[in-house]
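The values are calculated or read from the model by the stated rules, or taken from the named source; none is laboratory data. The model shown is predicted, which means the values in this text are computed figures rather than measured ones. Here the Cβ positions follow ideal geometry from the backbone for every residue, glycine too, while neighbour counts run over all protein chains shown.
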Amino acid sequence: MNAISAVSENTAFNVARWRADFPLLAEQVYDKPLVFLDSAASAQKPQSVIDAVSYCYEHEYANIHRGVYWLSQKSTEAYEQARVKVQGFINAASEREIVFTKGTTEAINLVASSYGGSELQAGDEIILSHLEHHANIVPWQLLRQRIGIEIKVAPIDEQGNFLLEEFEKLLSPRTRLVAITHGSNALGTIPPVDDIIRLSHARGALVLLDGAQAVVHGPVDVQALDVDFYAFSGHKLYGPSGIGVLYGKADLLKAMPPYQGGGDMIKSVTFEKTEFADIPGRFEAGTPHIAGAYGLSAAIDYVSAIGMSNIARHEQELLSYATARLQEINSLRLIGTADNKAGIVSFELDGVHAHDIGTILDREGIAVRVGHHCAQPLMERFNITGTVRASFGLYNNKADIDALVAALGAVREIFD
Ligand SMILES: *Cc1c(COP(=O)(O)O)cnc(C)c1O
């Protein structure tokens, strides 16, 4: 038996161990133990990630790609090793296909601006879905303002399922790009991305997946997906904020103009002409989040040692448990009960404003997200202004869900 399958045998025991790796989870709020159920907004960090960031600043910190001296060579090496680590983690064909960005938002803006700005023309169509985070809506609207593309929106049903057949009808000879979430942060829905990519490619359209949630909740293989662009953030993957990734197929990236200009993205500069660096450096103008790369690399080591499939299995267990327990609560309505979901539950409580629920839960030490979750069009689709969202990370356990359910029961009593 290998280490990974051994891990999955005794989940409760292992979760207790994983949980102990996260110092912040031992904090108390209002003298109560913290129950952290907002990992979809940003995950807590294991000690190894905190240590890696500190290690950089304590022992190896200098600017990268510039100095001939020892320290700069060390930090440059670590930065580039982090790129190779990311490459392995999502199974990209080459580390040159990994562009470091600030996060998912910047990665999508990069594609919209650079690819969209150079390859798309007025009248070209792109397809988004009703599940999208604002980060995968607004950059395309900015592009529409700039060059006059058309934006179409693939619908979902009442349960939050992505409607593949409706999507297929939207594909036309003018469709150039399909930009879809690989996991909804608000509902948890995981769209059928294999089919979406196959159908899009058959029509000659490229596909960008917003992987901010999906990369955290299960294994991702960009080559198996045959996806053209893939974006995610370090901070949701138990790594630091301020660093994220754009994966792009090498041929596509090579043909794309720079997104920002500055230092570290050039071969040579005169006032007449600048020659740009090759990929991925061409897209990394300026001093990047150097310590963040150390932290992201440590985060990938951390989740890889547990195994993304084990994390997925654990979160699916929590999802089933939470879905069943929440339905015990009088007049609680789950928003988003799609067939294929990540560990996220969104709901509303009849007659109680989401913000009031969030505030009452907070006094019990329970951290949930309330509001529109940066997905206002999605909320509109359900005729609501927001939900309460509990999202699970690898460190959550059934006791966290029991605490949530008990506190919601108390909320229900206050408002009945
Ligand atoms: C969080 C999130 C984003 C934005 O990520 P940033 O880290 O804020 O750039 C985009 N899409 C989804 C699905 C998300 O969950």
* Every residue from the stretch 184-234 that is within 16 Å of the ligand (Cβ to nearest atom), within 28 Å of TYR395 (Cα to Cα) and surrounded by fewer than 24 Cβ atoms within 10 Å (Cβ to Cβ) -> ILE190, VAL193, ALA214, GLY218, VAL220
* Can you tell which of HIS314, HIS373 is buried (at least 17 other Cβ atoms within 10 Å of the Cβ) and under 30 Å from VAL138 (Cα atoms)? -> HIS373
* **Given (1) closer than 15 Å to PHE100 by Cα; (2) under 22 Å from the mean Cα position of the chain (by Cα); (3) surrounded by fewer than 20 Cβ atoms within 10 Å (Cβ to Cβ), number of the condition ASP264 does not satisfy** => (2)
* Structure fact -> Of the residues in the stretch 322-334, those that are surrounded by fewer than 17 Cβ atoms within 10 Å (Cβ to Cβ) and assigned to a helix (DSSP H, G or I) come to THR323, ALA324
* List, please: which pairs have Cβ atoms under 6 Å, are six or more places apart or on different chains, and start with a residue in the stretch 109-124 that is free of Cβ contacts under 8 Å to residues at least 40 places away in the same chain and end with one that is surrounded by fewer than 16 Cβ atoms within 10 Å (Cβ to Cβ)? -> ALA122/ILE147; ALA122/GLY148
* Filtered residues of the stretch 282-307 (kept if part of a helix (DSSP H, G or I), surrounded by fewer than 18 Cβ atoms within 10 Å (Cβ to Cβ) and touching a residue at least 24 places away in the same chain (Cβ under 8 Å)) -> ASP301, SER304
* Can you name the number of the only condition in (1) within 16 Å of the ligand (Cβ to nearest atom); (2) closer than 17 Å to ILE137 by Cβ that LEU177 fails? -> (1)
* Which of the residues belonging to the stretch 255-285 are at pLDDT 95 or above and out of contact with any strand residue (DSSP E or B) (no Cβ under 9 Å at 6 or more places or on another chain)? -> ALA255
* Quick one: which residue in GLU380, GLU317, GLU328 is of a type in the set (Asp, Glu), modelled with pLDDT under 95 and within 28 Å of LEU25 (Cα to Cα)? => GLU328
* Structure fact -> When the stretch 193-227 is checked residue by residue, the ones that are within 17 Å of the chain's Cα centre (by Cα), in a loop (DSSP other than H, G, I, E, B) and not β-branched (Val, Ile, Thr) are GLY211, ALA212, GLN213, GLY218, PRO219, ASP221
* Yes or no: ALA250 without any contact (Cβ under 8 Å) to a residue 60 or more places away in the chain and among the aliphatic types (A, V, I, L, M)? -> no
* Structure fact -> Given the conditions (1) away from the ligand (no atom under 11 Å from the Cβ); (2) surrounded by fewer than 24 Cβ atoms within 10 Å (Cβ to Cβ); (3) farther than 27 Å from LEU120 by Cα, every one holds for TYR238 apart from (2)
